[in-house]
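Heads up, the thing below is written out as structure tokens.
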Amino acid sequence: MAEVKSSSPRRVERPLSPHLQIYRPQLTAITSVLTRITGNALIVGVVLAVWWLAAAAISDDAFALANAVSTSWFGDLVFLCSAWAVWYHYLAGLRHLYFDAGHGLDIPTAEKLAWGMIIGSVVLTVLTAIIV
Amino acid sequence: MRYLTPRKRAIGKGSAHTGTHHHWSMTMSSVALAFMVPTWMYLFGSALGQSRVDVVAAFSHPFTAILTALILVIGMRHFAMGATMMIEDYSRGTARKVLVMFVTALATVIAATGLYALIRIAL
């Protein structure tokens, strides 16, 4: 049997759907990929938080260093971004559960939900920063 | 004549070969985390920036200690499975296997470190 290799000269490099270079960005797609980005990026905040907690358990010297980093401008930045990432991922998860139940899949509703996630996550982050 | 039912022939043929198990695990852990994370964020945020004595006192409280332990275990499992899904979408072959091992190990080490800290603080 003849095998068709990927390096075959007859193979034509056709663009793959969905043609990302010419595809108009859509709110539903952007909010979806942000869910993945926020979820995975949260590991940075988790590492800092667990280091801080482990340092508190171990010794004064370890805690002094971890606490200094966690409460520096860098720590503030990481935890503020993490708070937004948590809230964004949280709302995205709720939307996912709503979608999974078979609701909100028409375009107008999906776009309203997308705006709800963007605005809602910012509002919740500001509230978190004020309360905590 | 086909002796196998359509269901029997379909089982294991999905892209993941485990049916909806992954999806259902993520759904269950997401609901669990949705109930726990806002409270934990408040407790963590309140303890952050305080002295070591106050931090140890805060995480010695049974509610805070148990909530933190649950979030570490369920959250890191949720992360490992979600990150695995991302890796499986964007990489293949040996790189995929190594990356899946890496994120699984990372999540496990973080959970173990956090639990160790909690045991030393709370017990």
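For this structure, a couple of remarks:
- Cα-based shape type of the range A:27-131, given that a ≥ b ≥ c are square roots of the gyration tensor eigenvalues and the cut on a/c is 1.5: prolate
- Computed magnitude of the charge dipole of the protein assembly as shown (debye, nearest 20; Cβ of K, R +1, Cβ of D, E -1): 1440
- You can think of it this way: the chain between A:Val47 and A:Ile30 has 3.5 nm of extra reach, that is 0.36 nm per residue less the Cα-Cα gap.
- Listed residues A:Trp87, A:Trp52, A:Trp73, most fluctuating in chain A (Gaussian network, C-alpha, under 10 Å): A:Trp73
- Across the options B:Leu115, B:Val31, A:Ala68, the greatest Cα extent toward the positive end of the charge dipole of the protein assembly as shown (unit charges at beta carbon of Lys, Arg, Asp, Glu) belongs to B:Val31.
- Our helix-only sum for the protein assembly as shown, with -39,500 (n - 2.57) per DSSP H run of n ≥ 4 divided by its residues, gives a mean residue ellipticity at 222 nm of -27000 deg cm²/dmol.
- Tail beyond 33 Å, pair distance distribution of the protein assembly as shown (Cα, percent): 33
- Along each principal axis, Cα extent of the range B:22-122, largest first, Å: 49, 24, 21
- Centre separation in Å (Cα based) which lies between the range B:102-123 and the range A:93-110: 35
- A simple charge model with +1 on the Cβ of Lys and Arg, -1 on the Cβ of Asp and Glu and nothing else charged puts the dipole of the range B:1-100 at about 820 debye relative to its Cα centre.
- Extension gain, B:Phe35 back to B:Tyr116 (0.36 nm per residue minus Cα-Cα distance, nm): 26.8 nm
Rule-based calculations on the coordinates, nothing more; no lab input. Everything numeric in this text was worked out from a predicted model, so none of it was measured. When we count neighbours, we look across all protein chains shown, and the Cβ atoms used for this are built from the backbone with ideal geometry, even at glycine.
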